[in-house]
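A quick write-up on the structure given underneath.
The values are calculated or read from the model by the stated rules, or taken from the named source; none is laboratory data. What you see is a predicted model, and the numbers here were worked out from it, not measured in a lab. Neighbour counts are summed over all protein chains in view; Cβ atoms, including those assigned to glycine, are modelled from backbone coordinates with ideal geometry. These accessible areas exclude ligands, DNA and RNA; they are computed on the full protein's heavy atoms, side chains included. Shrake-Rupley method; radii C 1.70, N 1.55, O 1.52, S 1.80 Å.
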Amino acid sequence: MVNTWSYLARLAEIEVGEHFYWEIGKYKVHGQVFLVSWFVMAVLIVASLLATRNIKRVPEGMQNFMEFVLEFLRGLARDQIGEKEYRPWVPFIGTLFLFIFVSNWSGALIPWKLIQLPEGELAAPTVDINTTAAFALLTSLAYFYAGISKKGLGYFADYAQPSPIMVPFRVIEDFTRPLSLSFRLFGNILADELAVAVLVLLVPLLIPLPLMVLGLFLSGIQALIFATLAGSYIGEALETHGHGEGEEEHH
Amino acid sequence: MMINRFLLAAVGAYINMPVLADSGGLFDIDATLPLMAIQFLLLAVILNAIYYKPLGDAIDERASYVQGQLKQAKEQKEKAIALAQQYEQELRAVRKQSQEIIAKAEAEAQKLVAEKVQQAQQEVIAQRMKAAEEIAKEKEEALSALNQQVEALSSKILEKILSV
């Protein structure tokens, strides 16, 4: 039974938890994650360079598309953080969205499995818990930074708003946020790739297609959710409540 | 083997992480995490320099350009409307003025005509009176001449009768 399974698994090349290790000094890193992430970064950088090579007042082609993307990212940040303070956060939230989105879609659209590695397999960087945890921790750092840079240590005093009972919940939230962020993204993308791989293993033709389309949709949604949540955490940290300043107006 | 390992890894992660700690696994957290974070920040900085900033500036610049053009167009429109109103007012004033001039000219002309007619009538009356006087005078003269002739003739007739 185990033998049959492993044979079939080899056919469909589901290699979960196998990593292509690179040794840097005494540290180990997952080479397959970096290879694909470099591809993703290259895609983003080349697209940016193409879009900004010749900026015109009336945009054309790539510039038009990338401006549309930028407007979308700005809208995303603006909706969560508010008109006044969203601008400095556009690069962070925008890069989160773009990186996760391009990663997910590259995992879903490019047959990475055709490229053989000595160990492990190429896949979207977001199926590795390290990537998603890194983004989640960066998000935590970002919102702490946002809150502390705006209100100083008074940011932590806000934990007792509107009542001191909230303090333990707020502290727990600080831990659950990165956990939920990283596991949501990781779990969704991994589950999607696994589901597609298992279906391919069972019925190689046509049947997996709807699931693949669903996977594309899901990948986009996950990127949107991650970026939106990051924005909303930052926005919440920046929000001034109580102290007679009133709620910020959102547009 | 792989699936087996996946299950083991998944179970191991929840129950007993170190089971697969040496041989990798689904939840194998290592130096990939900090390196990925650094790489991500680097990407954010690069994209900020080559994407968010230049294109954002382009978008903002265009927005302000469009707003400026709109404002300018609005101003021009207002100016045009004001100008049209001014022209209309001037036109109205000129028309009124011209009507006044025409009315004045008509009144003057009528006055002139009336004067001339009156003058002519007076002249006619005067001439007619003069003619009537002349006629009366001539008539008198003629009558007196006739009287004399009648007297002369009657005295001659009388003489003839008496002398016969």
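Computed values, structure above
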item: Convex hull projection area averaged over all views, the range B:58-132, Cα basis, nm²; result: 5.2
item: Candidate lysines for bridging to residue B:139, where Cα separation is under 18 Å - those fewer than 8 sequence places away on the same chain excluded; result: B:130
item: 1.4 Å probe accessible area per residue over the protein assembly as shown, in Å²; result: 62
item: Compactness of the range A:63-206, expressed as Rg and Dmax over alpha-carbon positions, Å; result: 19.4, 59
item: Ellipticity estimate at 222 nm from DSSP helix runs (n ≥ 4, -39,500 (n - 2.57)) divided over the protein assembly as shown, nearest 500; result: -27000 deg cm²/dmol
item: Cα centroid separation - the range A:68-140 against the range A:148-181, whole Å; result: 26
item: Viscosity 0.692 mPa s, temperature 37 °C, Stokes-Einstein D of the range A:2-250 from Kirkwood C-alpha radius, µm²/s; result: 162
item: Candidate lysines for bridging to residue B:111, where Cα separation is under 26 Å - those fewer than 8 sequence places away on the same chain excluded; result: B:96
item: Whole-percent pair-distance distribution, where bins are 10 Å wide, for the alpha carbons of the protein assembly as shown; result: 4, 15, 19, 15, 10, 5, 3, 3, 3, 3, 3, 3, 3, 3, 3, 2, 2, 2, 1, 0, 0
item: Rule-of-thumb Rg ratio for the range A:113-188 [Cα; 2.2 N^0.38 Å; N residues]; result: 1.55
item: D (Stokes-Einstein, µm²/s), Kirkwood Cα radius, chain B, 1.567 mPa s at 4 °C; result: 42
item: Residue B:129/residue B:91 FRET efficiency (R0 45 Å; Cβ-Cβ; nearest 0.05); result: 0.20
item: Cα-Cα over 28 Å, subset of A:84/B:71; A:56/B:74; A:151/B:71; result: A:151/B:71
